[in-house]
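Read the structure below first, then the notes.
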Amino acid sequence: MMITAMTASSKNDDTVPTEAYAHVSELGITIKKINRSLADSNHRRESLTAERGPLVLPARAQKNASAQKRLTAIDEQLAILNREIADDETALSELQTQLTLAQNDVVRAEWEGKRAEVRNQLTVRLETNTASKLQKAVDELAAAIKAANEEDEKVALTITAFSRNLSRAATHIRSMGKVRSHLFSLQLEKLLVIDTRQINRYSVANIDIETEDRKASEAALNQLDDLELVF
């Protein structure tokens with residue numbers, strides 16, 4: 001599975017070495033300086049080129065000494081400026097490449113840090129035996145409900161055996177199992193599928209909940225490890 005890398009975050013990530021952010025910042029500052037230098041050089045070249053134009057005719061056709069001297073000085077300055085501009089452009093190109101690589105390194109480090117956090121959560125989940133604990137709790141609840149229902153029936157039989165006049169009371173006691181079921185269902189309806197008609201009893205009966213829970217986490221870990229960061 002592949003995901004597309006984004007630009008480096010403006011907020012430092014604790015999982016990324018400080019020097020990585022510092023390197024990106026330094027490159028950015030240097031690029032700004034060279035851009036300013038390049039802009040100044042281009043402006044000076046434009047000014048000198050504009051000044052040079054009107055001097056060509058008097059310097060070449062009229063042999064005007066002053067124009068010739070100024071033309072020579074301008075050409076010398078232009079030669080220096082052209083070299084400086086070419087050098088700045090070369091340096092700028094190289095710095096831009098370095099900045100892209102440095103930003104990619106930061107993005108990758110941030111991404112790997114986040115992946116490590118996700119991996120840690122999945123690993124902890126595997127070690128907490130959540131399914132086993134839940135199954136134990138459900139077994140205990142089921143046993144407690146069964147015991148309560150059996151106690152209700154025992155009491156109902158006892159009081160009706162003592163007197164048929166207590167049959168209504170016995171019926172009321174027997175109904176408490178249903179009342180409890182309804183109450184518990186309301187409490188659990190947001191967490192469990194209460195409508196058992198939707199359950200495939202055969203499929204559910206053959207599920208090992210601990211195994212299935214572990215398989216789910218292991219599958220997530222495998223998919224996590226298969227992720228690749230693409231720039």
Taking first residues from region 65-92 that are under 12 Å from residue 42 (Cα atoms) and second residues anywhere that are among the small types (Gly, Ala, Ser), the pairs with Cβ under 7 Å that are 6 or more apart or on different chains are 81/41; 84/41; 85/41; 88/37; 88/41
Within region 31-58, residues farther than 14 Å from residue 87 by Cα and in contact with a helix residue (DSSP H, G or I) (Cβ under 9 Å, 6 or more places away or on another chain) come out as 44, 45, 48, 49, 51, 52, 54, 55, 56, 57, 58
Return the residue satisfying two criteria in turn: it lies in region 169-194 and is among the charged types (D, E, K, R) and assigned to a helix (DSSP H, G or I), and of such residues it is nearest to residue 159 (Cα to Cα).
174
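Coordinate-derived values only; no laboratory data. The structure displayed is predicted, hence computed values, not measured ones. In this analysis, Cβ positions are derived from the backbone assuming ideal geometry, glycine residues included, and neighbour counts consider all displayed protein chains.
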